[in-house]
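I have placed the structure first, in the form of structure tokens, so that the comments after it can refer back to it.
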Amino acid sequence: MRKSGLASLIPLYFIILIDNLSVSLIIPVLIPISYDADIGIMSSGGTSARDLFYGVAIGSYSLAMFFGAPLLGSLSDHFRRKKTLMLCLLGLALSYALTIWGLLRQDVVLFVAGRVIGGLFSGSLPVAQAAILDVTPKERRVNSIGLIMFCVSAGYVVGPLIGGYLSDSTLVSWFDLTTPFVFVAGITLLNLLVLLVSYREEPAPRPARRLAFPNPVKHLVESFSFPGVRVLSVALLLMSLGWTAFFQFIGLYLTANEGFDQRAVTNLISVVGVGLAAAFLSLVPLSMKYLRPQVAVAGALAGMTVCIAGTALTGSTVALYALCLVGAATYGISYSGLVGMMSAAVADSHQGSVMGTAGAVAALSAGLSGVVFGAVDGSSAVPVLSAAVFVLLSFLLFAVARPGGGSGSREEPRESVDTTSAV
């Protein structure tokens, strides 16, 4: 294995940052894109049509990621990491170009096409993580994973700020809805050049077999069949459906019903990012150190249910920010705990499948919740209250079934769990 210094790995960490800010950047800016008849993409159309567009625009990205991420993983094994990561960055740059073109032409099809292509090529996070760990000595891998999680979390804090503030013409006269996408496209291309020049990997051996094209649906169904993770997988699916519905629609709900403007939504989504950062960087290790996983997950799911429901019921802005902050933190603990228990329930030979299942569940949940709730009534309280119901069902299933609580032949829990595909 070739060892590399931190400087040569900076482009890889930056890919992780770009990958995650791409997910959160769209939330504040998609509201005016969808609903402002003067500057948005739809000059006409009723609320239901705009709700549907919002849901499709936000959900198609994650659905495309669900199908694209496994293929990118196969490509990275076949053609090595660097070529695959360069392909990912080119794909993301192309997606931003189509998004900008769609906005300028007010073409819904082009805009959604940009979202789909972005999703197909946004599954670079596992590839970048593998590339980092490939060249990192074992004694430094814990530090590397910490930096990876910092980039993941930072993306969810920085993304909404880029989307919200770089599209705000009251700050700078020439800012408009395309500016955030131009900015991120620029740093994506810049990172591609830096990766091309600075990152070196060992020559790829000749592939031993033909490139495989994985079937993510088949893989997901097969993963759910593992005896030790059935209940945990369903609980993870329900919890993920709840979280993604909340994350995708809370800004829209507050804009339509509580008078929030774009800047207020931007700040709120960034607070959610801070909660995620606090969870993954400190609260998850602390909770797993001092509490049994079953206790930590049950408590976090209960707290998450209360926080999500509270955001649709409270009239206090201070309380709303607090609920979003705590809700994001409890999501981080719930996700990490459930995935950790899934990891501990299967043999080492199935660890890759379990981690792949967790990532697939997160992507599929985000895609389904976006499209379904956009089609139903995206700007009402329905998505947020439904999110609370999904998390409550996850809590009830977890509490009744008590997975991992018996004295079966489970493996001992592992010290660390990959949480980079959490959101």
Are there any pairs, at least 6 apart or on different chains, whose C-beta atoms fall under 7 Å, with the first in segment 78-106 and under 22 Å from Thr178 (Cβ atoms) and open to solvent by less than 10 Å² (accessible area, probe 1.4 Å) and the second of a type in the set (Gly, Ala, Ser) and modelled with pLDDT of 90 or more, and if so, which?
-> Leu92/Gly118; Ser95/Gly114; Ser95/Gly118; Thr99/Gly114; Gly102/Gly114
Odd one out for Gly404, checked against (1) open to solvent by less than 40 Å² (accessible area, probe 1.4 Å); (2) at pLDDT 75 or above | (2)
Residue by residue through segment 147-167, note down the ones that are farther than 17 Å from Cys324 by Cα, modelled with pLDDT of 90 or more and either hydrophobic (A, V, I, L, M, F, W, C) or open to solvent by less than 20 Å² (accessible area, probe 1.4 Å) (or both).
-> Ile162, Gly163, Gly164, Leu166, Ser167
Just a yes or no: is a residue in segment 81-101 of a type outside the set (Ser, Thr, Tyr), over 23 Å from the mean Cα position of the chain (by Cα) and at pLDDT 90 or above?
-> yes
List the pairs whose first member sits in segment 35-55 and is closer than 21 Å to Phe260 by Cβ, whose second member is modelled with pLDDT under 90 and open to solvent by 60 Å² or more (accessible area, probe 1.4 Å), and whose Cβ atoms are under 6 Å apart, counting only residues at least 6 apart or on separate chains?
-> Ala37/Ser43
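Of Pro137, Pro126, which residue is more than 28 Å from Ile333 (Cβ to Cβ) and not hydrophobic (A, V, I, L, M, F, W, C)? Talk me through it step by step, then tell me what you get.
Details: Pro126 fails: more than 28 Å from Ile333 (Cβ to Cβ).
Exactly one residue qualifies, and that residue is Pro137.
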Among the residues of segment 80-118, which ones are touching a Phe, Trp or Tyr at 6+ places or on another chain (Cβ under 6 Å) and of a type in the set (A, V, I, L, M)?
-> Leu92, Ile100, Leu110
Check Leu291, Leu286 and return the single one that is out of contact with any helix residue (DSSP H, G or I) (no Cβ under 8 Å at 6 or more places or on another chain) and either hydrophobic (A, V, I, L, M, F, W, C) or open to solvent by less than 20 Å² (accessible area, probe 1.4 Å) (or both).
-> Leu286
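Output the helices (runs of 4 or more DSSP H) that fall wholly within segment 45-147 and possess 3 or more residues being closer than 27 Å to Ser240 by Cβ and among the charged types (D, E, K, R), or say none. Explain how you work it out, then say what you get.
Values: elements: 47-79, 81-105, 108-120, 124-134.
Answer list for segment 45-147: 47-79.
The values are calculated or read from the model by the stated rules, or taken from the named source; none is laboratory data. Owing to the predicted nature of the structure, the values given are computational and were not obtained by experimental measurement. Every residue, glycine among them, receives a Cβ derived from its backbone with ideal geometry; neighbour counts consider all protein chains shown. Please note that ligands, DNA and RNA were not included when accessible areas were found on the heavy atoms of the full protein model with its side chains. Shrake-Rupley method; radii C 1.70, N 1.55, O 1.52, S 1.80 Å.
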